[in-house]
Amino acid sequence: MLSINELRASIEGKEILKGINLEIKPGEVHAIMGPNGSGKSTLASVLAGREEYEVTGGTVVFDGKEILDMAPEERAAEGIFLAFQYPVEIPGVTTINFLKTAVNEIRKYKGESPLDAAQFLKMVREKAKLVSMNDSLLKRALNEGFSGGEKKRNEIFQMAVLEPKLAILDETDSGLDIDALRIVAEGVNSLRSPDRSAIVVTHYQRLLDYIVPDYVHVLYKGRIVKSGTKELAFELEEKGYDWIKAEVEAVG
Amino acid sequence: MSNETIDLKTRLVTDFYARESVMNGEASSAFHQKKRAALAEFDQLGFPTTRNEEWKYSNVKDLTSVLYNFNAGSSITTADLEDLRIPSQEANILYFINGHYNADLSVLVSAASQIIIDSLQEAYKKDPVLVNTYFNELVEDEKDAFTALNTAFAHDGVFIHIPDNQTVEHPVILRFISDARIQNVGSQPRNIIAVGRNAHVKVAEAYRTLGNERSFTNTVTEIFVSEDAGVEYYKVQNESENAYHIGTTKVKMLDRSQFYSGTVTLNGRFTRNNLNIILDGERCEAHMYGLYFPDGTQHVDNHTVADHRKPNSESNELYKGILRDRSKGVFNGKIFVRPDAQKTNAFQSCKNIVLSTDATMNTKPQLEIFADDVKCSHGTTTGQIDEEALFYMRSRGISQSEAMALLMFAFCADVISQIRIDSIREYLEGVIAEKLASK
Ligand SMILES: Nc1ncnc2c1ncn2[C@@H]1O[C@H](COP(=O)(O)OP(=O)(O)OP(=O)(O)O)[C@@H](O)[C@H]1O
Ligand SMILES: [Mg+2]
């Protein structure tokens, strides 16, 4: 599904990703953990196609296609979805209008005819229910004045509507209360299927109780320095990152 | 100053006296005396140069370097109007072709007991005293060459009078069309809108051009808003690449009256709009909204004045622009709060998106406050499209051009929604969406 090979990226001349290797098979969920500033959001952004980051080396193959030269909207249409760590507020554009445009642009890309208003509304209502998203939020300007939790829930709602093949969740759990966390996790789990995969960036083992990952990776200083199964997340929760940092420094 | 500039001016002054010499007794009327004084003022002021502070960023040299036919006839027919049409709604629609009222094309639907609508010429024939009580009363002291020029040649335009306590349900839409298909044409519409006590009306001026020769529209509208009255006034400019437009609207508001305005400049080579509101009453409310979209080498200049003369009134202003290519925008917003105008609230904001490094926007808020117990605020911003928002939208599959169009439309939305004549708002939504999607 996704194959990242020796990926390097920098911003403003500073190298952030220093050779990332990661292999994700269809149906798998990979958790990425790591200290603040290690490059997790950078990796997520580079995969989604943010142009401020300069890719200086490596390849990323998604579903058999090299994606590094694709525009963000093409990657989205191919099935990549990024749930932002900090969702952007867009005054004047309603959530519902925004999503309708997105859905129909993606359909156009795939050569499908646009959904009519009734079909679209029906689909959106179902998905909103799935993540317990209040209807009134849909009519408001996108994320404008939304609470932190509402913004995160809106990300998952959008994911549910767009049904991506690869979902990248960047700290979607932070800022959520316990109930919201469960609802968001259920939303993610409901999308799990043998042909959908996910990358879950988080600082907390708690989320992984709900979204059980197949693999856990530790990103540190722009490299994946340790990989394991969900037990690794418990170990990190218990011991912190010092032992990993020490291991890395020892290797040099 | 170039020779050509003198040519247009000389030509206009000569024309004036030639016309005057064939007038009979009318030359001694009070009406004509106002025009005569205005001509002398125009002659003395001459066309402004950029050394004039009010015209610092707007150079009229190009406009004044050629001649225009101010008496051009037009063979315009209903068929020609098809593609100039604003989706219709029941309204009083008056056509002015090259500045002259065209009764055949016009439709009046409101009852005469509710509203008097006449061409200025017709109104003057019927009741010269009434027309003369309003004519030039507001703009006499403007000290502006274009306004004086308009006064000197005032001949046609609209005269609207709403008796006390009448609420006119159907809007009045004034369509000014320059027929520049075969020659350079000039027109100087002069409009008077006098609204009685507790009377309410919506009026729109819509400017269009046919053909690609040059057109020069120099328009003046005087609006009198009596106690407790409410006026909505819109100006929509969708003119040609060779259209020059200079317009002044001056408004005087009395106690507890309300005035809403929307000025939307969609297209035109050179546009200067002066909107000058005197709040000469207590508890008045004046709202001014504006939108402009210059591209290519177009130039759009909005000068506004909110002149608070009495206590307890409020003015509120929001102008927005999107500038592309090598276009230029100017915004100058003056707020005066006179010593008597305690407890004034005055707000002003001008926000711009500049899409090209070659486009420029000059904004100048100018606050002169002589009362101490007032609330005033002003702010101007000039920026680019929000890159974060753009990436967010693209990451959901929305193409860059579609995302830009959505963001720009959203930027305009709070001004568009203030246009309360449905047919005009819908027309604008369509034209603006198309305009934003086109590049
Ligand atoms: N636009 C930028 N300009 C300069 N430095 C940047 C920029 N964006 C990110 N960085 C730097 O890149 C590094 C990695 O940032 P990134 O956001 O990827 O970390 P992270 O692992 O997601 O951290 P956190 O856990 O705090 O979210 C940081 O040192 C950050 O300051
Ligand atoms: Mg991060």
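Computed quantities for the displayed model
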{"quantity": "Residue in the stretch A:183-199 that is hydrophobic (A, V, I, L, M, F, W, C), within 16 Å of ligand 2 (Cβ to nearest atom) and closer than 17 Å to A:V212 by Cβ present", "calculated": "yes"}
{"quantity": "Complete set of residues in the stretch B:251-299 that are of a type in the set (G, A, S), in contact with a Lys or Arg (Cβ under 8 Å, 6 or more places away or on another chain) and not in a strand (DSSP E or B)", "calculated": "B:G281, B:G296"}
{"quantity": "In the stretch A:6-53, residue nearest to A:L232 (Cα to Cα) [restricted to those that are among the charged types (D, E, K, R) and within 13 Å of ligand 2 (Cβ to nearest atom)]", "calculated": "A:K40"}
{"quantity": "Residues satisfying the stated conditions in the stretch A:197-237, i.e. farther than 21 Å from A:I178 by Cα and charged (D, E, K, R)", "calculated": "A:D214, A:K221, A:R223, A:K226, A:E231, A:E235"}
{"quantity": "Residue pairs meeting the criteria (Cβ under 8 Å; at least 6 apart or on separate chains; first more than 16 Å from ligand 1 (Cβ to nearest atom), in the stretch A:79-99; second part of a helix (DSSP H, G or I) and among the polar types (S, T, N, Q))", "calculated": "A:F81/A:Q158; A:T95/A:N154; A:L99/A:Q158"}
{"quantity": "Close pairs (6 angstrom Cβ cut-off, 6 or more residues apart or separate chains): within 13 Å of B:E317 (Cβ to Cβ) in the stretch B:346-370, open to solvent by 60 Å² or more (accessible area, probe 1.4 Å) anywhere", "calculated": "B:Q348/B:H378; B:K351/B:T381; B:P365/B:H378"}
{"quantity": "Selected residue (criterion: most open to solvent (accessible area, probe 1.4 Å)) from residues of the stretch A:36-55 that are at negative phi, near ligand 1 (Cβ under 10 Å from one of its atoms) and small (G, A, S)", "calculated": "A:S41"}
{"quantity": "Residues of the stretch B:390-409 satisfying the condition of being part of a helix (DSSP H, G or I) and either under 16 Å from A:N154 (Cα atoms) or among the polar types (S, T, N, Q) (or both)", "calculated": "B:Y392, B:M393, B:Q400, B:S401"}
{"quantity": "Complete set of residues in the stretch B:413-439 that are within 14 Å of chain A (Cβ to nearest Cβ), under 28 Å from A:Y109 (Cα atoms) and touching a residue at least 60 places away in the same chain (Cβ under 8 Å)", "calculated": "B:I432, B:L436"}
{"quantity": "Number of the exception - A:A180 against (1) within 16 Å of ligand 2 (Cβ to nearest atom); (2) in contact with a helix residue (DSSP H, G or I) (Cβ under 6 Å, 6 or more places away or on another chain); (3) farther than 19 Å from A:L43 by Cα", "calculated": "(1)"}
{"quantity": "Residue list for the stretch A:36-68, filter: within 14 Å of chain B (Cβ to nearest Cβ) and of a type in the set (F, W, Y)", "calculated": "A:Y53"}
{"quantity": "Set A:D242, A:D195, A:D179, A:D209: member being under 22 Å from A:D63 (Cα atoms) and open to solvent by 60 Å² or more (accessible area, probe 1.4 Å)", "calculated": "A:D195"}
{"quantity": "Qualifying residues in the stretch B:391-409 (those that are open to solvent by less than 10 Å² (accessible area, probe 1.4 Å) and on the phi < 0 side of the Ramachandran plot) - the one farthest from the other protein chains (Cβ to nearest Cβ)", "calculated": "B:M408"}
{"quantity": "Number of the exception - B:T133 against (1) within 20 Å of B:N218 (Cβ to Cβ); (2) at pLDDT 95 or above", "calculated": "(1)"}
{"quantity": "Filter result (under 20 Å from A:E171 (Cα atoms) and open to solvent by 20 Å² or more (accessible area, probe 1.4 Å)) within the stretch A:132-143", "calculated": "A:S132"}
{"quantity": "Number of the exception - A:H30 against (1) within 14 Å of chain B (Cβ to nearest Cβ); (2) out of contact with any helix residue (DSSP H, G or I) (no Cβ under 8 Å at 6 or more places or on another chain)", "calculated": "(1)"}
{"quantity": "Hey, A:E73 surrounded by 21 or more Cβ atoms within 10 Å (Cβ to Cβ), closer than 28 Å to B:I385 by Cα and at the interface with chain B (Cβ under 9 Å from one of its Cβ atoms) or not", "calculated": "yes"}
{"quantity": "The one condition in (1) assigned to a loop (DSSP other than H, G, I, E, B); (2) facing another protein chain (nearest Cβ under 8 Å); (3) over 27 Å from A:Y220 (Cα atoms) that A:L115 fails to fulfil", "calculated": "(2)"}
{"quantity": "Some residue of the stretch A:94-106 being within 30 Å of B:F411 (Cα to Cα), within 14 Å of chain B (Cβ to nearest Cβ), among the basic types (K, R) and under 19 Å from the mean Cα position of the chain (by Cα)", "calculated": "no"}
{"quantity": "Pairs with Cβ under 8 Å, 6+ apart, first in the stretch B:98-119 and within 15 Å of B:G73 (Cβ to Cβ), second aliphatic (A, V, I, L, M) and in a strand (DSSP E or B)", "calculated": "B:N98/B:I177; B:N98/B:V185; B:Y101/B:L94; B:Y101/B:V158; B:L105/B:I97"}
{"quantity": "Failed condition for B:M23, given (1) part of a helix (DSSP H, G or I); (2) over 25 Å from the mean Cα position of the chain (by Cα)", "calculated": "(1)"}
{"quantity": "Considering residues of the stretch B:189-213 that are buried (at least 23 other Cβ atoms within 10 Å of the Cβ) and in a loop (DSSP other than H, G, I, E, B) only, the residue nearest to the chain's Cα centre (by Cα)", "calculated": "B:P189"}
{"quantity": "Filter pass, A:K25 being open to solvent by 10 Å² or more (accessible area, probe 1.4 Å), of a type in the set (D, E, K, R) and under 26 Å from A:V103 (Cβ atoms)", "calculated": "no"}
{"quantity": "From B:D307, B:D358, residue being acidic (D, E), part of a strand (DSSP E or B) and more than 14 Å from chain A (Cβ to nearest Cβ)", "calculated": "B:D307"}
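The values are calculated or read from the model by the stated rules, or taken from the named source; none is laboratory data. Predicted model only: the values in this text are computed from it and were never measured. Because the Cβ atoms are built from the backbone with ideal geometry, glycine has one as well, and the counts that use them run over all protein chains shown. Surface accessibility is based on the protein's heavy atoms, side chains included, excluding ligands, DNA and RNA. Shrake-Rupley method; radii C 1.70, N 1.55, O 1.52, S 1.80 Å.
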